[in-house]
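The values are calculated or read from the model by the stated rules, or taken from the named source; none is laboratory data. Quantities reported herein were computed from a predicted structural model and do not represent experimental measurements. Backbone-built Cβ (ideal geometry, glycine too); neighbour counts: all protein chains shown. These accessible areas exclude ligands, DNA and RNA; they are computed on the full protein's heavy atoms, side chains included. Shrake-Rupley method; radii C 1.70, N 1.55, O 1.52, S 1.80 Å.
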Amino acid sequence: MYLQSQGKLNGSRDERDGGGELNTETSKRLFAEAQRCIPGGVNSPVRAMKGVGMPHPLFIARARGAHLWDADGNEFVDLVSSWGPMILGWGHPEVVGALHAQIDLGTSFGAPTALEVELAQRICEALPSVELVRMVNSGTEATMSALRVARGFTGRDKVVKFIGCYHGHADPFLAAAGSGVLTLALPDSPGVPRATTADTILVEYNDAAALGAVFAARGDEIACVIVEPVAGNMGVVPPQPGFLETARRLCTDSGALLIFDEVITGFRVAWGGAQERYGVVPDLTTLGKIIGGGLPVGAFGGRADVMETVAPLGSTYQAGTLSGNPLAMAAGIATLKVLAEVGVYEELEARAVQLCQGLVEAALSAGVPATLNRVGAMMTLFFCDGPVTDFADARRADTALYARYWRHMLEHGVYLAPSQFESAMVSLALTDADVAVATAAARSFFKGL
Ligand code: KE4
């Protein structure tokens, strides 16, 4: 098995054909240095790769197309897309050109620019439910702000979220399930005051009946329901028929707002996001990742009457030094320009289907219990029998086997999300040869079990 490489492969072809131990000495050294000045040696926990039993994370040096090279020169087919932003792959000329042009003009002004108007216009055109949108610098900032706006608009405090969904690390969302559906959540992290999660109600994802029970009991206290319309943070779990529609109806009937957290799904599962794909219209939408083309970005937007409460138009405060940063706007505009081209989502879907077929065939041919959930260009291969429709199902997966799979795929030149409870996300840059590499690596893993 030979990677179509634009760069030096680490070791000889023979070594690589059989996979075999990777030389990751530079990553190991960098990790030792990193640990002396960065908590856990990483700037985001999942990157530590502890979930897949790595002694140290890989440090990535560069990327091009759908390929990554680590600090030791090992080359990998990438199936993570930097957790979503790199839907075009790396080095797309439109994005690189836009960034080069903007760098010479200035990287930050702390003042309005034409670029942020253009990106806002493109978002509003793609997502008709978004009549006004505010740019921020991360998905966390987007969801945190959307929650504040919903609470300010409704005058209510309770927020409903779903177990297994992740909306960034703002305190109200770092909540662990209480004893029952109607009980209020407990903090899921030190440093989160009980008072902060005391207004958070947790419900099982896809449990429309439980959601109905919560509204029956506390509907007039609920400011909003926030949901990943396609869950990506317990692994990919699609909405069951009627689930999103029930959330929509319950919010409408009670005066609560429905927030679609489309930080992952926005511009990934369709041009108009999950709200286009499933035909359910939220009151607010949060975005991130793809709309920044790989630069730090987030956004929240929705109904004009709701968003008009945001300062300086309204009195709900929200602000940010680098909000609407020109580089992020330029990269985001360039990315959306390419995604707006005819046939792009069909091509993404076809590539994702091709990859999934290969992975599933490999697992089934070996008789290994596996379930693949996919929506558009995001998917997860769960190492358990299906169906996987909520977090309780997802947690049945054999995470030890996933860790072995992840390390095997890495040694065979394929970089997957370093956790069973994340999404693989493919890019437009993935080639037939890349899919062949991934399929062959998966086949060799399952055959060896
Ligand atoms: P950021 O603050 O990481 O930009 O976005 C938070 C967020 C909000 N909503 C959803 C649906 C998300 O998936 C995320 C962040 N996604 C994770 C990956 N599952 C980011 C990776 C990480 O935490 O390092």
If packing is taken as the average count of other Cβ atoms within 10 Å, what order do 61-69, 28-36 fall into, highest mean first?
61-69, 28-36
Per-residue HN-Hα couplings for the range 444-449 [Karplus 6.51, -1.76, 1.60; θ = phi - 60°; Hz; x = Gly/Pro]
5, 5, 5, 5, x, 7
So what is the calculated 222 nm ellipticity per residue for the chain, using -39500 (n - 2.57) for each DSSP H run with n of 4 or more, over all residues, to the nearest 500 deg cm²/dmol?
-11000 deg cm²/dmol
Alpha-carbon centroid distance for the pair the range 68-89 / the range 326-378, whole angstrom
14
Quick check for you: which residues of the range 225-263 have the amide N under 17 Å from the point 7 Å beyond the Cα of A213 toward its beta carbon?
247
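Using 0.36 nm per residue of separation minus the Cα-Cα distance, give me the extension gain between V46 and D398 in nm, one decimal.
Numbers: separation 352, 0.36 × 352 = 126.72 nm, distance 1.81 nm.
Gain in length upon complete extension: 124.9 nm.
Would you mind classifying the range 272-350 by shape? Square roots of the alpha carbon gyration tensor eigenvalues, ordered a ≥ b ≥ c; an a/c under 1.5 is rounded, otherwise it is prolate if a/b is larger than b/c and oblate if not.
Values: a/c = 3.11, a/b = 1.39, b/c = 2.24.
It is oblate, given that a/c is not under 1.5 and a/b is not larger than b/c.
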Between A101 and V338, the FRET efficiency computed from the C-beta separation at R0 = 22 Å comes out, to the nearest 0.05, as 0.90
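At a 1.4 Å probe radius, carbon and sulfur cover how many percent of the accessible area of the chain?
On the way: 9670 of 17870 Å².
C and S fraction of accessible area: 54 percent.
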Please work out the average accessible area per residue across the range 93-339, using the 1.4 Å probe convention, and give it in Å².
37
Pairs K50/K289; K289/K447; K50/K447; K158/K289: which exceed 29 Å Cα-Cα?
K289/K447
